[in-house]
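As structure tokens, the structure follows; a few thoughts come after it.
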Number of protein chains: 2
Amino acid sequence: MNFDRKILRWNGWGRYDEGFDLEGRDDAVWSWISETVGMPTLVENLGPKAVDIELPISQLNEKQVGELKSLLSEEQVKIDPYERAFHAKGQSFHDLIRLRQEKKVEMAPDAVLYPENEEQVLSVVTYAKLNNFALIPFGGGSSVVGGVEAACKEGQRGVLVLDTTRMNRLISIDAQSMTATFETGIYGPELEAILKDKGYTLGHYPQSFEFSTLGGWIAARGAGQQSTKYGKAEKWLVGARVVTPTGLWQTEDFPASAAGPDLRHLVAGSEGALGVITQATVRLHKAPEFDDYRGYLFKDFESGAAMVRDILQQGVQAATVRLSDTDETRFLTTFSGLGKKKGLGERLIKRWLGANGYGTSPCLMILGFEGDMGVARFAERQTHAISKKHKAFPLGRAAGKKWYEGRFKMPYMRDPLLDRGVAVDTLETATSWSNLSNLHTAVSSALNQAMEQNKAFEGAKGIVMAHISHAYETGASLYFTYVYPVDPANGPGQWRTIKQAVSNAVSQNGGTISHHHGVGTDHLEWLEKEKGEVGLNALKAIKKKLDPNGVMNPGKLVV
Amino acid sequence: MNFDRKILRWNGWGRYDEGFDLEGRDDAVWSWISETVGMPTLVENLGPKAVDIELPISQLNEKQVGELKSLLSEEQVKIDPYERAFHAKGQSFHDLIRLRQEKKVEMAPDAVLYPENEEQVLSVVTYAKLNNFALIPFGGGSSVVGGVEAACKEGQRGVLVLDTTRMNRLISIDAQSMTATFETGIYGPELEAILKDKGYTLGHYPQSFEFSTLGGWIAARGAGQQSTKYGKAEKWLVGARVVTPTGLWQTEDFPASAAGPDLRHLVAGSEGALGVITQATVRLHKAPEFDDYRGYLFKDFESGAAMVRDILQQGVQAATVRLSDTDETRFLTTFSGLGKKKGLGERLIKRWLGANGYGTSPCLMILGFEGDMGVARFAERQTHAISKKHKAFPLGRAAGKKWYEGRFKMPYMRDPLLDRGVAVDTLETATSWSNLSNLHTAVSSALNQAMEQNKAFEGAKGIVMAHISHAYETGASLYFTYVYPVDPANGPGQWRTIKQAVSNAVSQNGGTISHHHGVGTDHLEWLEKEKGEVGLNALKAIKKKLDPNGVMNPGKLVV
């Protein structure tokens, strides 16, 4: 299942033969969106074909191409325009808008290399180091923060991309210890299919699941939608092998240790800047025998958030706890109702909810349990008591099922929106429970203000919505989506100004600059505030020691 | 409750007015021990008084003492022999045997400093750096791995000890986020008393609880006996402030983040080698409304270990899961029966157990639940099913209560044993479930062999016993206790040879060199195997960057 890059969009999300299904409601959806963002006429500006765009000329001479081919093999070294364009960038809004408006990429890899094992990775890293190339590890390429941008430092000869997706084997399973060791280029669906076949799951299902890899999840310190049960990458990572420019690093893999600082936490979040993660041992769970996802409605965000907090602080073993704010709840409700007739039942429920105080600032929660049936049932009983306390209105399994089935689909919506001149971007952060409300307000307001100040034309309207996407005993993450009409003259600049303003707001209001997307290039500026000068110096010292020439993914994470 | 050092033993465990209570069974106990270790006559060799020992002369001149007093205050700078002797070493067996046999300490701090706030810590660190002194952070001083040894590097002028125990204030509690921020010199009982008063607990109860501090727990990456519920230090640490020689470091304190590597994991386990941890934010739980500790007996170690594994892998919310191997079970059973008459009931039970297969290689489990009653009750129900599967014989609450009540007392037994010429030392490690049995056998056998090869006299016998002390989904720790007659001619050398052999066995058989004691000086030799050369280089690079002059706790963790 290591996707041939030719079946995947080089300039957008996913497979060419898949997209967002509007179920025949196209007219209703587009006219509502046009109205909502104050854009009377949506543009018709389909993204560029690969053949349309201008690529910088490869810096590699024939001798170098020959050397690379001799290190690997003829067909493991790609220099054709499609491969170079595909590997030039990630999947951030900034990546897409640049392609669409500029019809060119400023940087593209000079070659794309497909090593098939760790030894080949070692030779590629050594080659890059000895020949002064930047080397960018690339898995699914789904970074939304510029994490795989094909950039090099001044003085470097050019950029090589190391595509990991041919390294996709299961190495071993330890059934007693409930761990598995994989090569890290394996995609989500393949990894889970292998595990399911043996009765296990890793349980890591980010929105990018279908098009991201194990190595990327670890490098970006990612989070799946069921992370309440299965943990973020740093939690399920048991051990790793990393090819650094100063040698192969096999980390500790003990269940716990007091032998000094835990260096696995340097690998999780290393973003390819220290080396290429070639193998990872991960913690398994038994494939769930049971799952149950339900919806709840709250009178306001505060009562919903209080329920999330209780669930976590009382140790209820949920898998997914997700709470949309009022704006997101309204958006989702309206969107899913567009072009459909409401039945009598639905109208009555709506009236009842309105009359009972759920109409003013409704907030939707998706709450999911999975695993052993007895444990999940007990968790549901605990939840029932908590939901009474917070006056949650149960919407039942239909709402849960709907969310569950659509959970990987949203990224497919971004391309058709952008093609019509409508920007959608997301950002995510996390903070303590006591600061959550403040952060939610501050970031929403910064976004609204920035979109207003940078609007493309008179009448253009921005939309902000948010949800708690992942929750912990001591706090939670907030995931913001914002939508606005693209400035046809300068989409990238408009985006950057908005991003700058909102990142300042996140940082100044006690949020982390990223809960699960990573740092990449886009969040670099805010890292020092978060780590402290001393902390950042520690990180720089590690980078300098492990990658003295700055070969690995320059310009990301730490410079 | 920051103990006046004068009420605490400078050359042994705990308070002068406390000790191990043999409940009038002294003769029975000592004669059994004498027989067990093959030592017909126990020696009578009480530890040295402070006045007996020889201290190196302080390297500080009057000017320097004056400077230190001006930085702090007259009475915050101690140069009297008791304070210097108290702060010369930790509480390892090696520390104690050296004192007893050599009646001297080779190294002692030239002064002991008691800063009362972070600013004073900053000035002390700066003073040490500018004046080329080694600086040793010292909390409870309960390190059993040489972690607070008053040593300096060649070329340094001398050693200053920074005693943190006057920094023992609660800074703040965040009730919503369930976190508290403390100064780190606070002792266990005081911290828990403050929290209990407000309805909370941290739940960190190591065996050293009464005489160790928050900062020490973090620096050594410690584990409490209820860590299955409350987590090891690295798990409950939310954020920290560290005074390094290159400035104050305030770490991130988010519930989760993808902003690069998690640098809190450099602080947990830093062992004073990067700086002085001055404040820590920790995760709280509600003070438990319920607790229940019980004993179970297994036919062998394998079935007991399988139950521990099931408890963890099925996500049962236990607090303590502890399984003694057969040797430890026999030792504990015999020890507690010494000098007591067995009642009829006890004899009948013993006969029944023997007849039903529990007599050949019995293993004792202590299983504890605490917290919310409903949750704990559900966990007990889950456990019941698991215990049937593994044929666990329930011993009821009496066994649990007995363990619970004695859980901080064992260290008090070491001094009277040593006074009589009997060595007791412990070591602990952790590994995956699939390797646990191998590691248990290999380490036990290495210990037995090393004690035999280094026996003090013909007929001297060593004892080895072990238990699973902490358990995880993917593996568990093993805690070994070993007892042998001290070589009267060379106790330290004998100990070192045994330690070397057993540490090699741990390292070669897939165990971590420490699960919760730390590295200190005693485990340094085995660190590179564990972290890898590249990993150790990363650690060295951090040390070099944050402490370029090597001021902080030289010779521990990373050199």
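The values are calculated or read from the model by the stated rules, or taken from the named source; none is laboratory data. Source: prediction; values computed, not measured. Cβ: placed from backbone, ideal geometry, glycine included. Neighbour counts: every protein chain shown. The accessibility values were calculated without ligands, DNA or RNA, using every heavy atom of the protein model including side chains. Shrake-Rupley method; radii C 1.70, N 1.55, O 1.52, S 1.80 Å.
A few comments on the model shown:
- A count restricted to the range A:82-140 and to residues that are assigned to a loop (DSSP other than H, G, I, E, B) and crowded, with 23+ Cβ neighbours inside 10 Å stands at 14.
- When residues of the range B:325-347 are limited to those that are of a type in the set (D, E, K, R) and either assigned to a helix (DSSP H, G or I) or touching a Phe, Trp or Tyr at 6+ places or on another chain (Cβ under 6 Å) (or both), the one modelled with the lowest pLDDT: B:Glu346
- A:Glu18 vs. criteria closer than 23 Å to A:Phe138 by Cα, assigned to a helix (DSSP H, G or I), out of contact with any Leu (no Cβ under 9 Å at 6 or more places or on another chain) and among the acidic types (Asp, Glu): no
- Long-range neighbours under 8 Å by Cβ, at least six apart or interchain, first residue under 22 Å from A:Tyr16 (Cβ atoms) within the range A:392-416, second part of a helix (DSSP H, G or I) and not charged (D, E, K, R): A:Phe408/A:Phe209; A:Arg414/A:Phe93; A:Arg414/A:Leu96; A:Asp415/A:Leu96
- Whichever residue in the range B:1-54 is modelled with pLDDT under 80 and open to solvent by 70 Å² or more (accessible area, probe 1.4 Å) and, among such residues, is farthest from B:Gln76 (Cα to Cα): B:Thr41
- Some residue of the range A:153-171 being in contact with a strand residue (DSSP E or B) (Cβ under 8 Å, 6 or more places away or on another chain), surrounded by fewer than 24 Cβ atoms within 10 Å (Cβ to Cβ), in a strand (DSSP E or B) and within 14 Å of chain B (Cβ to nearest Cβ): no
- Pairs where the first residue, in the range B:340-364, is surrounded by fewer than 11 Cβ atoms within 10 Å (Cβ to Cβ) and the second is assigned to a loop (DSSP other than H, G, I, E, B), C-beta under 8 Å, 6+ apart: B:Thr360/B:Lys299; B:Thr360/B:Asp300
- Going through (1) open to solvent by less than 20 Å² (accessible area, probe 1.4 Å); (2) at the interface with chain B (Cβ under 8 Å from one of its Cβ atoms) one by one, A:Ser227 falls short only on (2).
- Some residue of the range A:489-503 being in contact with a strand residue (DSSP E or B) (Cβ under 6 Å, 6 or more places away or on another chain), buried (at least 23 other Cβ atoms within 10 Å of the Cβ) and not acidic (Asp, Glu): no
- Of the set (1) touching a residue at least 12 places away in the same chain (Cβ under 8 Å); (2) more than 21 Å from B:Val464 (Cβ to Cβ); (3) charged (D, E, K, R), all apply to B:Lys499 but (2).
- The residues of the range A:461-491 that are within 14 Å of chain B (Cβ to nearest Cβ) and part of a strand (DSSP E or B), listed by number, are A:Ile468, A:Ala471, A:Gly475, A:Ala476, A:Ser477, A:Leu478, A:Tyr479.
- Flag for A:Ile311 being more than 19 Å from A:Ala385 (Cα to Cα), in a helix (DSSP H, G or I) and among the β-branched types (Val, Ile, Thr): no
- Residue within the range B:547-559 that is assigned to a loop (DSSP other than H, G, I, E, B), away from chain A (no Cβ under 11 Å) and at pLDDT below 95 present: yes
- Residues within the range B:249-261 that are facing chain A (nearest Cβ under 7 Å) and open to solvent by 20 Å² or more (accessible area, probe 1.4 Å), tallied: 3
- Output for the range A:55-70, where each listed residue is crowded, with 17+ Cβ neighbours inside 10 Å and outside any loop (DSSP other than H, G, I, E, B): A:Gln64, A:Leu68
- Matching residues in the range B:216-262 - criterion: being touching a residue at least 60 places away in the same chain (Cβ under 8 Å), in a loop (DSSP other than H, G, I, E, B) and among the aliphatic types (A, V, I, L, M): B:Ala220, B:Ala223
- Residue within the range B:385-404 that is closer than 30 Å to B:Trp352 by Cβ, within 20 Å of the chain's Cα centre (by Cα) and in a helix (DSSP H, G or I) present: yes
- Condition met for B:Val145 (within 21 Å of B:Ala219 (Cβ to Cβ) and either within 24 Å of the chain's Cα centre (by Cα) or modelled with pLDDT of 95 or more (or both)): yes
- Top-ranked residue of the range B:400-444 - restricted to ones that are open to solvent by less than 10 Å² (accessible area, probe 1.4 Å) and among the β-branched types (Val, Ile, Thr), ranked as farthest from the other protein chains (Cβ to nearest Cβ): B:Val422
- Number of the exception - A:Ser270 against (1) part of a loop (DSSP other than H, G, I, E, B); (2) at pLDDT below 95: (2)
- Screening B:Thr213 against (1) without any contact (Cβ under 8 Å) to a residue 40 or more places away in the chain; (2) open to solvent by less than 10 Å² (accessible area, probe 1.4 Å) leaves a single unmet condition, (1).
- Residue list for the range B:503-543, filter: at the interface with chain A (Cβ under 7 Å from one of its Cβ atoms) and without any contact (Cβ under 8 Å) to a residue 12 or more places away in the chain: B:Lys531, B:Gly532, B:Glu533, B:Val534, B:Gly535, B:Asn537, B:Ala538, B:Ala541
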